1. With the structure loaded, tell me whether PRO137 is in the same structural domain as GLY27 (by TED's automatic domain parsing) and touching a helix residue (DSSP H, G or I) at 6+ places or on another chain (Cβ under 6 Å) or whether it fails that test.
2. Say we look at the range 59-89 and pick out the residues that are aliphatic (A, V, I, L, M) and either crowded, with 22+ Cβ neighbours inside 10 Å or not assigned by TED's automatic domain parsing to the domain that holds GLN136 (or both); which of these is farthest from ASP184 (Cα to Cα)?
3. Given the condition among the polar types (S, T, N, Q) and in contact with a Ser or Thr (Cβ under 8 Å, 6 or more places away or on another chain), answer yes or no: does some residue in the range 59-80 qualify?
4. With respect to LEU165, determine if the residue is in contact (Cβ under 8 Å) with a residue 60 or more places away in the chain and part of a strand (DSSP E or B).
5. For the range 97-115, check the following and say yes or no: at least one residue is among the hydrophobic types (A, V, I, L, M, F, W, C), outside the structural domain of LEU29 (by TED's automatic domain parsing), at pLDDT 95 or above and assigned to a loop (DSSP other than H, G, I, E, B).
6. Return yes when LEU174 is exposed (fewer than 15 other Cβ atoms within 10 Å of the Cβ), over 28 Å from ASP90 (Cα atoms), modelled with pLDDT under 90 and out of contact with any helix residue (DSSP H, G or I) (no Cβ under 8 Å at 6 or more places or on another chain) and no when it is not.
7. List pairs: first in the range 148-162 and within 18 Å of ARG77 (Cα to Cα), second part of a loop (DSSP other than H, G, I, E, B) and basic (Lys, Arg), Cβ under 8 Å, 6+ apart or cross-chain?
8. How many residues, within the range 77-96, are part of a loop (DSSP other than H, G, I, E, B) and under 18 Å from PHE163 (Cβ atoms)?
Amino acid sequence: MFAPRLAAFLAAYPELEVEVAVRDRIGNLVTEGFDAAVWFGEPAPSGLVARRLLDTRIVTCASPAYLARHGRPRHPRDLARGHTCIHFVDPRTGLPFDWEFHRGGTRVQVTVTGRLLVNDVATAIGACLGGYGIAQPMELSIGELLRDGALVELFPRWQDERFPLYLYHPSRHLPPAKLRAFIDFVVASSRESR
(Lines give C-alpha, C1' and ligand atoms only; values in the text may rest on other atoms or scores of the structure.)
Protein backbone atom coordinates (compact mmCIF):
# COMPACT_ATOMS: atom_id res chain seq x y z
CA MET A 1 0.00 0.00 0.00
CA PHE A 2 2.76 2.47 0.91
CA ALA A 3 5.72 1.29 -1.17
CA PRO A 4 4.34 2.42 -4.55
CA ARG A 5 3.73 5.90 -3.08
CA LEU A 6 7.11 6.35 -1.37
CA ALA A 7 8.79 7.86 -4.46
CA ALA A 8 6.28 10.72 -4.53
CA PHE A 9 6.62 11.27 -0.77
CA LEU A 10 10.43 11.38 -0.93
CA ALA A 11 10.31 13.69 -3.96
CA ALA A 12 8.04 16.08 -2.04
CA TYR A 13 10.41 16.06 0.98
CA PRO A 14 13.99 15.83 -0.36
CA GLU A 15 15.47 16.62 3.06
CA LEU A 16 13.91 13.50 4.66
CA GLU A 17 15.23 9.97 4.80
CA VAL A 18 12.89 7.03 5.35
CA GLU A 19 13.97 3.73 6.83
CA VAL A 20 11.44 0.93 6.41
CA ALA A 21 11.90 -2.03 8.74
CA VAL A 22 9.52 -4.96 8.28
CA ARG A 23 9.17 -6.92 11.51
CA ASP A 24 6.76 -9.24 13.22
CA ARG A 25 6.44 -7.00 16.29
CA ILE A 26 6.25 -3.28 16.98
CA GLY A 27 8.86 -3.23 19.72
CA ASN A 28 9.67 0.00 21.55
CA LEU A 29 9.62 2.82 19.01
CA VAL A 30 11.38 5.35 21.18
CA THR A 31 14.28 3.22 22.43
CA GLU A 32 14.77 1.63 19.01
CA GLY A 33 14.90 5.03 17.28
CA PHE A 34 11.71 4.84 15.19
CA ASP A 35 9.37 7.77 14.71
CA ALA A 36 6.29 5.76 13.73
CA ALA A 37 4.98 2.29 13.01
CA VAL A 38 2.21 0.93 10.82
CA TRP A 39 0.80 -2.29 12.21
CA PHE A 40 -2.09 -4.68 11.54
CA GLY A 41 -4.19 -5.87 14.45
CA GLU A 42 -5.83 -4.38 17.51
CA PRO A 43 -3.47 -2.24 19.58
CA ALA A 44 -2.08 -3.52 22.84
CA PRO A 45 -2.06 -1.07 25.75
CA SER A 46 0.95 1.25 25.46
CA GLY A 47 1.97 4.87 25.76
CA LEU A 48 1.79 5.29 21.98
CA VAL A 49 -0.84 7.19 20.06
CA ALA A 50 -2.73 4.64 17.93
CA ARG A 51 -4.72 5.94 14.96
CA ARG A 52 -6.96 3.50 13.09
CA LEU A 53 -6.33 3.89 9.37
CA LEU A 54 -8.60 1.27 7.82
CA ASP A 55 -10.08 -2.18 8.07
CA THR A 56 -9.33 -4.75 5.41
CA ARG A 57 -11.24 -7.92 4.71
CA ILE A 58 -9.73 -11.37 5.31
CA VAL A 59 -10.06 -13.40 2.09
CA THR A 60 -9.83 -17.17 1.84
CA CYS A 61 -8.32 -17.91 -1.56
CA ALA A 62 -6.51 -20.42 -3.72
CA SER A 63 -4.91 -20.52 -7.14
CA PRO A 64 -6.80 -21.97 -10.11
CA ALA A 65 -4.10 -24.69 -10.27
CA TYR A 66 -4.77 -25.77 -6.67
CA LEU A 67 -8.52 -25.86 -7.30
CA ALA A 68 -8.05 -27.89 -10.50
CA ARG A 69 -6.10 -30.54 -8.54
CA HIS A 70 -8.11 -30.59 -5.29
CA GLY A 71 -11.56 -29.24 -6.12
CA ARG A 72 -13.24 -26.15 -4.78
CA PRO A 73 -14.56 -26.28 -1.21
CA ARG A 74 -18.18 -25.13 -1.04
CA HIS A 75 -18.35 -24.23 2.67
CA PRO A 76 -15.65 -23.20 5.15
CA ARG A 77 -16.09 -26.51 7.01
CA ASP A 78 -14.95 -28.32 3.85
CA LEU A 79 -11.42 -27.04 4.53
CA ALA A 80 -11.09 -29.58 7.35
CA ARG A 81 -11.70 -32.41 4.87
CA GLY A 82 -8.37 -32.90 3.14
CA HIS A 83 -7.51 -29.40 1.95
CA THR A 84 -4.00 -28.05 2.43
CA CYS A 85 -3.90 -24.66 4.12
CA ILE A 86 -1.07 -22.18 4.62
CA HIS A 87 -0.73 -21.20 8.26
CA PHE A 88 0.28 -17.66 9.26
CA VAL A 89 2.00 -17.00 12.60
CA ASP A 90 0.32 -14.65 15.04
CA PRO A 91 3.25 -12.44 16.15
CA ARG A 92 1.74 -11.95 19.60
CA THR A 93 1.50 -15.65 20.43
CA GLY A 94 3.96 -17.32 18.06
CA LEU A 95 1.18 -19.76 17.13
CA PRO A 96 -0.77 -19.99 13.87
CA PHE A 97 -3.82 -17.77 13.58
CA ASP A 98 -7.10 -19.64 13.95
CA TRP A 99 -9.15 -19.88 10.78
CA GLU A 100 -12.46 -18.12 11.31
CA PHE A 101 -15.26 -17.26 8.94
CA HIS A 102 -17.76 -14.48 9.61
CA ARG A 103 -21.14 -13.84 8.01
CA GLY A 104 -23.50 -11.46 9.72
CA GLY A 105 -23.72 -12.63 13.32
CA THR A 106 -22.46 -16.13 12.52
CA ARG A 107 -18.87 -17.10 13.18
CA VAL A 108 -17.45 -20.50 12.24
CA GLN A 109 -14.03 -21.67 13.41
CA VAL A 110 -12.40 -24.43 11.35
CA THR A 111 -9.38 -26.54 12.26
CA VAL A 112 -7.26 -26.71 9.11
CA THR A 113 -4.14 -28.67 8.21
CA GLY A 114 -1.05 -27.85 6.22
CA ARG A 115 2.70 -28.27 6.52
CA LEU A 116 3.65 -24.68 5.72
CA LEU A 117 3.82 -22.08 8.52
CA VAL A 118 4.91 -18.56 7.54
CA ASN A 119 5.35 -15.17 9.19
CA ASP A 120 5.61 -13.21 5.95
CA VAL A 121 2.63 -12.21 3.81
CA ALA A 122 4.61 -12.28 0.56
CA THR A 123 5.68 -15.88 1.20
CA ALA A 124 2.12 -16.96 2.01
CA ILE A 125 0.79 -15.32 -1.15
CA GLY A 126 3.63 -16.74 -3.25
CA ALA A 127 2.96 -20.27 -1.99
CA CYS A 128 -0.73 -19.82 -2.65
CA LEU A 129 -0.07 -18.53 -6.18
CA GLY A 130 2.25 -21.49 -6.74
CA GLY A 131 -0.60 -23.89 -5.99
CA TYR A 132 0.62 -25.24 -2.64
CA GLY A 133 -2.55 -24.54 -0.71
CA ILE A 134 -5.31 -22.25 0.50
CA ALA A 135 -4.42 -19.01 2.26
CA GLN A 136 -6.16 -16.28 4.22
CA PRO A 137 -4.43 -13.01 3.33
CA MET A 138 -5.89 -9.56 3.68
CA GLU A 139 -7.76 -8.19 0.67
CA LEU A 140 -5.47 -5.16 0.74
CA SER A 141 -2.58 -7.48 -0.21
CA ILE A 142 -4.28 -9.43 -2.99
CA GLY A 143 -6.97 -7.23 -4.56
CA GLU A 144 -5.20 -7.08 -7.91
CA LEU A 145 -4.50 -10.84 -7.91
CA LEU A 146 -8.22 -11.50 -7.36
CA ARG A 147 -9.21 -9.09 -10.15
CA ASP A 148 -6.69 -10.70 -12.54
CA GLY A 149 -7.88 -14.23 -11.72
CA ALA A 150 -4.47 -15.33 -10.39
CA LEU A 151 -6.23 -16.12 -7.10
CA VAL A 152 -9.84 -17.16 -6.54
CA GLU A 153 -11.89 -16.09 -3.53
CA LEU A 154 -13.46 -19.26 -2.14
CA PHE A 155 -16.20 -18.04 0.18
CA PRO A 156 -17.50 -14.63 -0.93
CA ARG A 157 -20.59 -15.04 1.26
CA TRP A 158 -18.34 -15.38 4.34
CA GLN A 159 -16.58 -12.04 4.03
CA ASP A 160 -17.34 -10.17 7.23
CA GLU A 161 -14.04 -10.78 9.06
CA ARG A 162 -12.01 -7.57 9.11
CA PHE A 163 -8.48 -6.78 10.21
CA PRO A 164 -7.52 -3.23 11.27
CA LEU A 165 -4.45 -1.23 10.29
CA TYR A 166 -3.12 1.29 12.80
CA LEU A 167 -0.52 4.04 12.72
CA TYR A 168 1.47 4.41 15.96
CA HIS A 169 3.64 7.29 17.07
CA PRO A 170 4.98 8.43 20.44
CA SER A 171 3.19 11.71 21.15
CA ARG A 172 0.07 13.57 20.23
CA HIS A 173 1.52 16.97 21.22
CA LEU A 174 3.42 18.91 18.58
CA PRO A 175 5.05 16.11 16.59
CA PRO A 176 8.15 17.17 14.65
CA ALA A 177 7.47 18.43 11.11
CA LYS A 178 9.07 15.32 9.58
CA LEU A 179 6.75 13.07 11.59
CA ARG A 180 3.72 15.21 10.76
CA ALA A 181 4.57 14.92 7.05
CA PHE A 182 4.89 11.14 7.34
CA ILE A 183 1.64 10.83 9.29
CA ASP A 184 -0.16 12.84 6.59
CA PHE A 185 1.39 10.59 3.92
CA VAL A 186 0.30 7.38 5.68
CA VAL A 187 -3.24 8.67 6.28
CA ALA A 188 -3.63 9.82 2.66
CA SER A 189 -2.23 6.52 1.33
CA SER A 190 -4.62 4.50 3.45
CA ARG A 191 -7.60 6.55 2.20
CA GLU A 192 -6.55 5.98 -1.43
CA SER A 193 -6.28 2.22 -0.82
CA ARG A 194 -9.85 1.77 0.41
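1. Values: in the same structural domain as GLY27 (by TED's automatic domain parsing): no; touching a helix residue (DSSP H, G or I) at 6+ places or on another chain (Cβ under 6 Å): yes.
No, not satisfied.
2. As a first pass, look at the range 59-89 and keep what is aliphatic (A, V, I, L, M): 59, 62, 65, 67-68, 79-80, 86, 89.
This time we only want the ones that are either crowded, with 22+ Cβ neighbours inside 10 Å or not assigned by TED's automatic domain parsing to the domain that holds GLN136 (or both), so: 59, 62, 79, 86.
Details: VAL59: 28, ALA62: 35, LEU79: 41, ILE86: 35 Å.
Looking at the filtered set, the residue picked out is LEU79.
3. From the range 59-80, those among the polar types (S, T, N, Q) are 60, 63; that's our starting set.
Restricting the remaining residues to those that are in contact with a Ser or Thr (Cβ under 8 Å, 6 or more places away or on another chain) gives none.
No, that holds for no residue.
4. On the way: in contact (Cβ under 8 Å) with a residue 60 or more places away in the chain: yes; part of a strand (DSSP E or B): yes.
Here the answer is yes, as LEU165 does meet what is asked.
5. Yes; the residues of the range 97-115 include at least one that is among the hydrophobic types (A, V, I, L, M, F, W, C), outside the structural domain of LEU29 (by TED's automatic domain parsing), at pLDDT 95 or above and assigned to a loop (DSSP other than H, G, I, E, B).
6. On the way: exposed (fewer than 15 other Cβ atoms within 10 Å of the Cβ): yes; over 28 Å from ASP90 (Cα atoms): yes; modelled with pLDDT under 90: yes; out of contact with any helix residue (DSSP H, G or I) (no Cβ under 8 Å at 6 or more places or on another chain): yes.
Spelling it out, LEU174 is indeed exposed (fewer than 15 other Cβ atoms within 10 Å of the Cβ), over 28 Å from ASP90 (Cα atoms), modelled with pLDDT under 90 and out of contact with any helix residue (DSSP H, G or I) (no Cβ under 8 Å at 6 or more places or on another chain).
7. Close Cβ pairs satisfying both conditions: VAL152/ARG72; LEU154/ARG72.
8. First, the residues of the range 77-96 that are part of a loop (DSSP other than H, G, I, E, B): 81-83, 90-95.
If we keep only those that are under 18 Å from PHE163 (Cβ atoms) too, we end up with 90-93, 95.
Qualifying residue count for the region: 5.
The values are calculated or read from the model by the stated rules, or taken from the named source; none is laboratory data. Everything numeric in this text was worked out from a predicted model, so none of it was measured. No Cβ is skipped: glycine too gets one built from the backbone with ideal geometry, and neighbour counts run over all protein chains shown.
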